[in-house]
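Undergrad: To start, I am sharing the structure in question, which I have written as structure tokens.
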Amino acid sequence: MRLGILGSGAGSNMAAIAEQCASGALPAVVTVVLSDVENAGILTRARDMGLSATFIQPGQYRTKLDEAAEEQFVRVLKEAEVEWVVLAGFMRLIKADFLKHFWHKVINIHPSLLPSFPGLEAWQQALDYGVKFTGCTVHIVDHGIDTGPILGQETVPVLDADTPQSLHARIQEAERRLYPAIIHALAMEDIRIQGRRSFQK
Ligand code: GRF
């Protein structure tokens with residue numbers, strides 16, 4: 001299974017996935033890593049792992065890609081013959097024109113148990129709300145924000161002593177387990193989606 005990974009941050013999810021591909025634990029290959037942030041850790045980390053890593057100028061908007069950028073992302077992904085687009089901390093919305101090229105082949109990891117706490121800083125939202133458990137969710141990307149069919153979730157306790165940082169770190173540990181596990185299931189064609197529901201063999 002050929003993966004293209006998009007991220008804007010440190011790249012810990014990308015690294016977890018790429019390590020498992022390299023060791024053979026995941027029957028997949030990371031063909032390209034793309035970022036909208038020129039100095040993002042994800043690019044340096046990917047290059048250190050010997051992966052192809054490219055910055056693409058996102059354009060004039062803050063929360064989405066402009067048309068030219070969107071076209072370039074799609075072009076590079078197609079040239080790399082990517083089958084699944086893996087969003088790993090990519091901080092811009094993926095819009096319809098992009099999605100139509102990879103419909104139901106774009107997945108995302110979100111740091112909460114969706115549908116609770118969509119959007120930014122989900123760990124802070126969980127602390128502010130006072131929930132005792134939160135977690136992370138891997139889902140198919142559709143036209144909404146963090147709304148697509150859920151493929152998998154892992155729960156994480158919220159401890160009394162938690163700060164936003166300590167809770168986020170605990171969620172990220174879970175992310176590094178969940179994301180490769182879901183990608184493994186997709187590679188084995190073990191996941192079936194019917195409407196909003198997904199079923200794993
Ligand atoms: C993760 O916490 C992910 O849930 C969120 O962005 C963060 C990315 O971290 N969408 P990293 O770049 O994979 O280290």
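Undergrad: In segment 1-47, what residues are in contact with a Phe, Trp or Tyr (Cβ under 8 Å, 6 or more places away or on another chain) and of a type outside the set (A, V, I, L, M, F, W, C)?
TA: R2, G4, G7, S8, N13, S35, D36, E38
Undergrad: Further question on the same structure: Take segment 132-190 and flag every residue that is touching a helix residue (DSSP H, G or I) at 6+ places or on another chain (Cβ under 7 Å), of a type in the set (S, T, N, Q) and not in a strand (DSSP E or B).
TA: Answer for segment 132-190, where residues must be touching a helix residue (DSSP H, G or I) at 6+ places or on another chain (Cβ under 7 Å), of a type in the set (S, T, N, Q) and not in a strand (DSSP E or B): just Q172.
Undergrad: Right, another one. Just give me the residues in segment 107-126 being crowded, with 18+ Cβ neighbours inside 10 Å and either modelled with pLDDT under 95 or in contact with a helix residue (DSSP H, G or I) (Cβ under 6 Å, 6 or more places away or on another chain) (or both), in sequence order.
TA: Those that are crowded, with 18+ Cβ neighbours inside 10 Å and either modelled with pLDDT under 95 or in contact with a helix residue (DSSP H, G or I) (Cβ under 6 Å, 6 or more places away or on another chain) (or both): I109, P111, S112, F117, W123.
Undergrad: Assess whether V131 counts as being within 23 Å of A16 (Cα to Cα) and at pLDDT 95 or above.
TA: Values: within 23 Å of A16 (Cα to Cα): no; at pLDDT 95 or above: yes.
Criteria not met by V131.
Undergrad: Same structure again: Test E175 against the stated conditions and say whether it is of a type in the set (D, E), within 12 Å of the ligand (Cβ to nearest atom) and surrounded by 18 or more Cβ atoms within 10 Å (Cβ to Cβ). Reasoning before the result, please.
TA: Details: of a type in the set (D, E): yes; within 12 Å of the ligand (Cβ to nearest atom): yes; surrounded by 18 or more Cβ atoms within 10 Å (Cβ to Cβ): yes.
Here the answer is yes, as E175 does meet what is asked.
Undergrad: Also: Here are V29, V85: which of them is away from the ligand (no atom under 13 Å from the Cβ), surrounded by 19 or more Cβ atoms within 10 Å (Cβ to Cβ) and within 19 Å of M188 (Cβ to Cβ)? Write out each step before concluding.
TA: Numbers: V29 fails: surrounded by 19 or more Cβ atoms within 10 Å (Cβ to Cβ).
Unique residue meeting the criteria: V85.
Undergrad: So how many residues does segment 132-169 have that are within 13 Å of the ligand (Cβ to nearest atom) and surrounded by fewer than 17 Cβ atoms within 10 Å (Cβ to Cβ)?
TA: 4
Undergrad: Looking for whichever is within 14 Å of the ligand (Cβ to nearest atom) and surrounded by fewer than 18 Cβ atoms within 10 Å (Cβ to Cβ) here; the options are T44, T54. Which one fits? Talk me through it step by step, then tell me what you get.
TA: Details: T54 fails: within 14 Å of the ligand (Cβ to nearest atom).
Selected residue: T44, the only one of T44, T54 that is within 14 Å of the ligand (Cβ to nearest atom) and surrounded by fewer than 18 Cβ atoms within 10 Å (Cβ to Cβ).
Undergrad: Are any residues in segment 2-24 assigned to a loop (DSSP other than H, G, I, E, B), open to solvent by less than 50 Å² (accessible area, probe 1.4 Å) and at negative phi, and if so, which ones?
TA: Within segment 2-24, G7, S8, G9 meet the criteria.
Undergrad: Which of (1) open to solvent by less than 90 Å² (accessible area, probe 1.4 Å); (2) within 15 Å of the ligand (Cβ to nearest atom) is the odd one out, the single condition A187 does not satisfy?
TA: Among (1) open to solvent by less than 90 Å² (accessible area, probe 1.4 Å); (2) within 15 Å of the ligand (Cβ to nearest atom), A187 violates only (2).
Undergrad: Quick check on segment 107-131: of everything there that is among the small types (G, A, S) and either not assigned by TED's automatic domain parsing to the domain that holds R177 or not in a helix (DSSP H, G or I) (or both), which residue is nearest to the ligand (Cβ to nearest atom)? Show your work before the answer.
TA: Start the filter on segment 107-131 by keeping residues that are among the small types (G, A, S), which leaves 112, 116, 119, 122, 126, 130.
This time we only want the ones that are either not assigned by TED's automatic domain parsing to the domain that holds R177 or not in a helix (DSSP H, G or I) (or both), so: 112, 116, 119, 130.
Working: S112: 9, S116: 14, G119: 11, G130: 21 Å.
Step by step, filter segment 107-131, then rank; the result is S112.
The values are calculated or read from the model by the stated rules, or taken from the named source; none is laboratory data. These figures come from a predicted structure and were not determined experimentally. No Cβ is skipped: glycine too gets one built from the backbone with ideal geometry, and neighbour counts run over all protein chains shown. Ligands, DNA and RNA are excluded from the accessible area calculation, which covers all protein heavy atoms including side chains. Shrake-Rupley method; radii C 1.70, N 1.55, O 1.52, S 1.80 Å.
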